[in-house]
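One structure below.
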Amino acid sequence: MDPMEALVAQIQGLSSTPGDIARLHIILKQADDSLRAESTRLSPVLGQLAPSEHSLGFLYVLDAFTSGQISKQQAETSVPIITGFINACNAEQIRLAPEKFVLVCKRLKDQVMMLEAPIRGVGPLLTAARKLQLSTEHLTPLHSDFLMLCVLAKCYKTGLSILEDDIFEVDQPRDLFLYCYYGGMICIGLKRFQKALDLLHNVVTAPMSTLNAIAVEAYKKYILVSLIHHGQWQLSTSLPKYASSVAQRSLKNFCQPYIELANSYGTEKIAELEAYVQTNTEKFENDNNLGLVKQVVLSMYKRNIQRLTQTYLTLSLQDIANTVQLNSPKEAEMHVLQMIQDGEIYATINQRDGMVRFLEDPEQYKTCEMIENIDSSIQRIMALSRKLSAMDEQISCDQLYLSKVGRERQRYDFDDFDVPTKFNI
Amino acid sequence: MDADDESSNPMIDEIYANGGSPEGVGGEKRSRRLIISGDQFDIEAYASLYSGRTKIARLLFIADHCGGDNSAMQLEALRMAFDEIKKGENTQLFREVVNKIGGRLGPDYTMDVAWCETVDRRAEQKKEKLDNELNAYRTNLIKESIRMGYNDFGDFYYAHGQLGEAFKSYVRTRDYCTTSKHIIHMCMSAILVSIEMGQFTHVASYVSKAEQTHEALDQITAAKLRCAAGLANLVSKKYKLAARKFLETAPELGSHYNEVIAPQDVATYGGLCALATFDRTELKAKVIDNINFRNFLELVPEVRELINDFYSSHYASCLEYLANLKANLLLDIHLHDHVETLYDQIRHKALIQYTLPFVSVDLQMMASAFKTTITGLEKELVALITDNQIQARVDSHNKILYARHADQRNATFQRVLETGRVFDRDVRSMLLRTNLIKYDYNARSLSRKL
């Protein structure tokens, strides 16, 4: 009997109970090399297996099948196969061989990239990530690939679904860096700047022993988004203490144009800012950040108008145009109108006199929705602090941690008693 | 608008009384004001307040800063400086002043080469003598004599204008000081020289050194030290501390310290700094009700009046006093750099105090109370509101300033939600970092095991 047929028979026979599947896993591991050798003859084999029932076997065969170099035509045929498998496969079976599954999914990503149709990979990768992760707190290596495809395909909303989960469990730091970076870009695309800031913040302050390019790019975007959202750059002097020392020391050196941009923003002079952007357009363009930089300039106008609401009750459009350095009252009116629409200021425009009347924030914190909102925040934070204390407990019982702390304390004590010998030297 | 102003509503009159002068009280006030504005800067009187080097330094400062259009004043200052220098032994300074005069004061005020040479020769001899003496003392190791020797050297250098050398010599006496009196003497000399050199960090450190001596300081020395500390704080722009030091100065100071500061200066410096930095209660308690300081204020009635005007909210007259004083203050060797800042702060304070009790303020009236235009006033107010120093908003259409009462409830809600959000974010990113560190640590310990 052909070894391949025997293998197929085994896969078909041993895919029902957990015990059988474990045995099958061992067999498959042994057969892996021979499968790879036969990679060209495998497409009929795939036809004999059902992806939903024989998921583990299917995965091994599929991996071997896609392992070689692939042309564009071949990709056209293999993409639907992998997509179909991802949609149909049994989550429990594939979790037995997560590396293989990730490998296959990454190939799918490469293939859709080759076909220049990233959107074809978005749906399958989302399903794959969901099937692979043990809980929503778990970050799989597929997250970052999925988000990258979302960015490329501009499917920001789809990407957001995965970003709304809180991630705590991470296997590979690199996955997290990419996940947060791409996630930040998606949130920027959706103009959810606060969320974007949180994600980019995670990249910049993550523990790292050497500086990496992801962190540098994230830092650049972090500066820009922070200017757009907060109108200032609070971390200009230094990163928070918990950031790694590498980041604190050298991140700044790689982002000089951005830090100067932030300084120029701080002067509140629109002409100065525009001149600076003008002279450095090329640098920003090379970093693919020119769009964000333009938004920064635009946000300065908004910020200045917002500041006026703090000082004036009424102000003519002409005066607004003068203080904010817009060309005409008409332009000022457009800006104010836009801001009222976006809920960024509360005001009414009196076109007859050309006056703008600024109002207070009408939110009174009395509505049911607001109460519900507050209540849900309270619940969330309570859950979070429970998690925090659980984590604290877990770490204080962690053997590795205890042995490390214990050792350090011992050495410290030893040094204390060591004083006389020092004098002898 | 004018017609409105004319109609004499008693209420409005009352408010005007804040600033301008209504007819009733005006007569007396105006006459007093005339006296001040006619008060030209009298160099002779000014110079007579001081002695020693500071007199010369101040005269030269006036000559340099009174501007080209006032050459009579410049020459007068130079003439007096010339006379004063001639009494001393500083030939270097003499040459400088003669250059500055440039023959404009006639043959009596030209280069006196013979005088310079005799003074220089005498100085040379004296230096030699002092040197010999000091060497003799040093070989004999008599502490007190060595101290005296260095001290004489300090005095000698000081008289000849070599301030750096003088400072060094005075400081050297420190190793040979045996009583706290000696230490205080050393500190006072060091302070004097440092002030002349403009080294105010030295001043501050020697003041604290002198104040740390065990023995109780006598009234006059204590007052001198307060003045020196006040000057040091003033120069380093710590106006509030400067004000405190000047206010603590005891009236026994008199003219004992006129080689550095005149009691009139104490009043002016202290008064202005206090006005610029103190709040209302502090101003009342520490300045107006301060009996010690009142003695100083009596010497400069303008400052006393303007402080009282400020406290009783007569801002227009207060600002007018200030404006009249300004020209003179700009010629003061220590204060000139700070006049603008202090004036700005005082003006801001006045604006803030004016708006404080009102729910709404008519900018028209406020502008007239401060003798300024509405647009100018609006700009000043906006700057202050932006700085969060006034809680109010401007109705630019109707020219009215409305006080803004922060809604505590809303603000609390906003803050709570924001705090919650920040906590949420911080904890989550912290948990994430913890896990990363844990991973990193596990990976390292694994690789070590392998």
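Would you mind ranking B:115, A:233 so that the residue whose beta carbon has the fewest other beta carbons within 10 Å leads the list?
Arranged by neighbour count, lowest to highest, B:115, A:233 become B:115, A:233.
Take every residue in peptide A:361-367, count the Cβ atoms of other chains within 10 Å of its Cβ, and give the average of those counts. Intermediate values should be presented prior to the final figure.
Working: counts 3, 0, 3, 4, 8, 2, 0.
Mean inter-chain Cβ contacts per residue within 10 Å come to 3.
Test of understanding: in a Gaussian network model of chain A with alpha carbons linked when under 10 Å, which of A:33, A:175, A:398 would top the mean-square fluctuation ranking?
A:398
List, largest first, the extents of the alpha carbons of segment A:312-362 along their principal axes, each in whole Å.
The principal-axis extents, from largest down, are 30, 19, 18 Å.
Note the angle between two axes, namely the Cα long axis of helix B:91-101 and the longest principal axis of the Cα atoms of chain B, as a number of degrees from 0 to 90, rounded to the nearest 10.
That helix lies at roughly 60 degrees to the long axis.
Please give me the summed charge of the neighbours of residue B:203: other residues whose Cβ is under 15 Å from its Cβ, Lys and Arg +1, Asp and Glu -1. If you can, show how the numbers build up before the last one.
Numbers: positive: B:209, B:224, B:226, B:237, B:238, B:245; negative: B:196, B:211, B:259.
Charge balance in the 15 Å sphere: +3.
Could you pull out every one of the lysines with an alpha carbon less than 17 Å from that of residue A:241, ignoring same-chain neighbours closer than 8 positions?
Of all the lysines, those that pass the test against residue A:241 - Cα under 17 Å, at least 8 places apart if same chain - are A:252.
Once each part is reduced to its C-alpha centroid, what is the distance from segment B:320-370 to segment B:260-278 in angstrom?
16 Å
For a test of the definition: using alpha carbon positions, the gyration tensor, and the 1.5 limit on a/c, classify chain B as rounded, prolate or oblate.
Oblate, since a/c reaches 1.5 and b/c is not below a/b.
With springs only between Cα atoms under 10 Å apart, run a GNM on chain B and tell me which of B:101, B:56, B:191 wobbles the most.
Evaluated over chain B, the most mobile residue of the options is B:101.
Once you've got the Cα coordinates, tell me which of A:157/A:387; B:237/B:349; B:55/B:224; A:404/B:438; A:269/B:379 are over 20 Å apart.
Long pairs (Cα-Cα over 20 Å): A:157/A:387.
What is the set of long-range amide H partners of residue B:395 at a cut-off below 5 Å, with H atoms built 1.01 Å from backbone N?
A:313, A:314, B:400, B:401, B:402
Which of rounded, prolate or oblate describes segment B:323-450 when judged by the alpha-carbon gyration tensor and an a/c cut-off of 1.5?
oblate
Using Cα positions and a limit of under 17 Å, work out the lysines in reach of residue A:154, with same-chain residues fewer than 8 apart set aside.
Cα-Cα hits under 17 Å: A:109, A:191.
Using just the helices of chain B, give the 222 nm mean residue ellipticity in deg cm²/dmol: DSSP H runs with n ≥ 4 each add -39,500 (n - 2.57), and the total is spread over all residues, rounded to 500.
It lands at -23000 deg cm²/dmol.
Taking other Cβ within 10 Å of each residue's Cβ, how do A:223, A:374 sort, fewest first?
Starting with the residue having the fewest Cβ neighbours, the order is A:374, A:223.
Tell me which trypsin sites (Lys or Arg not before Pro) from segment A:258-363 have a DSSP coil assignment and no more than 11 other beta carbons within 10 Å of their own.
Listed in order of number, the matching sites are A:352.
Taking the mean number of other Cβ atoms within 10 Å as a proxy for protection, how do you rank B:204-210, B:294-300 from highest to lowest? Please list the in-between numbers first.
Values: B:204-210: 20.1, B:294-300: 18.6.
Per-residue Cβ counts within 10 Å, averaged per peptide and sorted highest first, yield B:204-210, B:294-300.
Which of the lysines could a cross-linker span from residue B:143 if the Cα-Cα distance has to be under 26 Å and same-chain partners fewer than 8 positions apart are dropped?
Answer for residue B:143, where 26 Å is the Cα cut-off: B:126, B:127, B:129, B:168, B:181, B:209, listed by chain and number.
When you look at the Cβ of every residue in A:306-312, what mean number of other chain Cβ atoms sits within 10 Å?
Taking the mean over all residues of the peptide, I get 5.
I'd like the GluC sites (Glu not before Pro) in segment A:151-243 restricted to DSSP loop residues with at most 14 other Cβ atoms within 10 Å, sorted by number.
A:164
If you count, for every residue in B:394-401, the Cβ atoms of partner chains within 10 Å of its Cβ, what is the mean?
Mean number of neighbouring Cβ atoms from other chains: 5.
Only sites in a loop by DSSP and with at most 12 other Cβ atoms within 10 Å count here; which GluC sites (Glu not before Pro) in segment A:96-147 make the cut?
A:116
Taken together, the values in this text are just the output of simple stated rules run on the coordinates, not laboratory data. Note that the structure is a prediction, hence the values are computed from the model and not measured. Note that we place each Cβ from the backbone using ideal geometry, even for glycine, and neighbour counts take in every protein chain shown.
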